[in-house]
Amino acid sequence: MALIVATRRYKHYPAIAMEKGWQGKVEVHLVIGANGMIASASIKTGSGHDILDNQALDMLKKGKTTVPIPPSLRGHEFSIDVPVIFNLENSSS
C-alpha cells in the first residue's frame, strides 16, 4: 500500500491519451531484489494503450525509490503486482 500511495505523485495522464479518450487499467509486476532495488518491472496486464502502460511503469519505478522495504522483507527477493488505473472521470488517480 505504501508503494501505491508514494507513486501517486509521479502519475501523469499523458495528454495524447486524454485527447483520444484512452482509459484503462495496467497491472505492473515488480520484482524487488534482496538489496531492495527493482530487479525487474513488466506489464502483467496492459491497458491496450502502450502510452498508458509505459506511464504506469515509469511512475512505479520512480515511486519505488521513496518507499522503504518492510523489515520482514529485507534481505529477501519478492514480487508484487500493482494496479494503475487511468480514468478520465478522475484523471489524477
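The numbers here are math on the coordinates, done by the rules we state, and not lab data. Predicted, not measured: the structure shown is a model, and the values here were computed from it. A quick note on method: Cβ atoms are made from the backbone with ideal geometry, for glycine too, and the neighbour counts reach across all protein chains shown.
Candidates are the residues of region 64-81 that are touching a residue at least 24 places away in the same chain (Cβ under 8 Å) and assigned to a helix (DSSP H, G or I); the one that is surrounded by the fewest Cβ atoms within 10 Å (Cβ to Cβ) is LEU73.
Listed here are the residues, each with its yes/no results for (1) of a type in the set (Lys, Arg); (2) touching a strand residue (DSSP E or B) at 6+ places or on another chain (Cβ under 7 Å); (3) surrounded by 12 or more Cβ atoms within 10 Å (Cβ to Cβ).
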| site | (1), (2), (3) |
| --- | --- |
| ALA15 | no, no, no |
| VAL26 | no, yes, yes |
| ASN35 | no, no, no |
| ILE43 | no, yes, yes |
| GLN55 | no, no, yes |
| LYS62 | yes, no, yes |
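Screening ILE85 on (1) within 14 Å of THR7 (Cα to Cα); (2) crowded, with 17+ Cβ neighbours inside 10 Å; (3) aliphatic (A, V, I, L, M) shows it passes everything except condition (2).
Against the numbered list (1) over 28 Å from HIS76 (Cβ atoms); (2) in contact (Cβ under 8 Å) with a residue 40 or more places away in the chain; (3) among the charged types (D, E, K, R), ARG9 comes up short only at (1).
Within the span defined as region 4-17, one or more residues are assigned to a helix (DSSP H, G or I) and among the aromatic types (Phe, Trp, Tyr). How many residues are in a strand (DSSP E or B) and closer than 19 Å to ASN90 by Cβ when one looks only at region 29-50? So the count comes out to 0. Looking across region 9-40, the residues that are farther than 11 Å from GLN55 by Cβ and under 9 Å from the mean Cα position of the chain (by Cα) come down to GLU27, HIS29, LEU30.
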